[in-house]
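These notes concern the structure reproduced below.
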Amino acid sequence: MDLVQLAIEHGFSHAAEFDPKVLEARQDVRAMCEEDKCHAYAKNWTCPPFCGTVEECQEKMHSYNKAVLLQTEGKLTKVIDWLGYIEFGKKHNDLLYSFADTARELYPGCLILGGGGCRMCTKCAHPKPCRHPDKAISSMEGYGLLVSRVCEAAGLPYYYGEKTITYCACILYNEQETE
Ligand code: SF4
């Protein structure tokens with residue numbers, strides 16, 4: 001099944017395959033989560049420390065043999081465009097959470113990583129149990145990934161030029177699971 005083609009048909013701006021074995025869960029990226037600038041550290045079930053140690057995240061990502069990077073590129077009306085950031089961030093999440101259903105159907109057990117922690121619920125249920133453990137989505141940053149490096153591995157730009165914003169996600173899966 002060509003996930004890249006499906007992703008483009010679904011509405012993502014760009015998609016490309018890459019080898020998940022090149023992914024590196026980095027302690028310095030995890031350290032940024034620990035600074036808690038996004039106020040999700042230890043408050044969202046898919047964020048650190050709940051998503052596992054850096055070593056556990058690395059091991060999990062390397063247990064897959066295929067990966068696809070998904071990007072939503074937005075054209076902004078000015079260089080700093082807060083409304084544009086919100087609009088395209090929402091568009092990306094809407095695309096991701098609907099495409100996640102397709103990916104999970106095709107590749108049960110796949111790992112889907114978005115940006116900024118799970119957005120399934122308006123407010124995460126933490127510390128109460130997760131409301132949708134089968135649909136929750138962790139973030140690339142939470143897994144210690146430098147998003148620009150992942151784009152590089154997939155051969156896609158991280159930055160598409162002035163007055164653009166790009167949101168990224170990825171899906172890791174095992175091809176043989178469908179055979
Ligand atoms: S599904 Fe809801 S409760 Fe579960 S991690 Fe996501 S936001 Fe939190």
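The values are calculated or read from the model by the stated rules, or taken from the named source; none is laboratory data. Predicted model, so just to flag it, every value in this text is computed and none were measured. For the accessible areas, the whole protein counts, side chains as well, though only heavy atoms, and no ligand, DNA or RNA atoms are used. Shrake-Rupley method; radii C 1.70, N 1.55, O 1.52, S 1.80 Å.
Overview of values
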quantity	calculated
By accessible area with a 1.4 Å probe, ligands and nucleic acids excluded, highest first: order of His132, His39, His126	His39, His132, His126
Accessible area of the range 3-174 divided out per residue, in Å², using a probe of 1.4 angstrom	51 Å²
Note, ³J(HN,Hα) from phi for the range 92-100, Karplus 6.51, -1.76, 1.60, rounded to Hz, x at Gly and Pro	4, 5, 4, 4, 5, 5, 7, 5, 4
Cross-link partners of Lys128 among lysines (Cα-Cα below 30 Å; sequence separation of 8 or more within a chain)	Lys37, Lys43, Lys60, Lys90, Lys91
Top of Gln71, Gln27, Gln58 by mean-square fluctuation, Gaussian network on the chain, Cα under 10 Å	Gln27
Cα shape, the chain, gyration tensor, a/c 1.5 rule	rounded
Percent accessible area from carbon and sulfur atoms, the range 56-179, protein chains only, probe 1.4 Å	55 percent
Difference of contour (0.36 nm per residue) and Cα-Cα distance, Tyr158 to Ile86	24.1 nm
Value of relative contact order over the chain, rounded to a whole percent, pairs C-alpha under 8 Å and six or more apart	35 percent
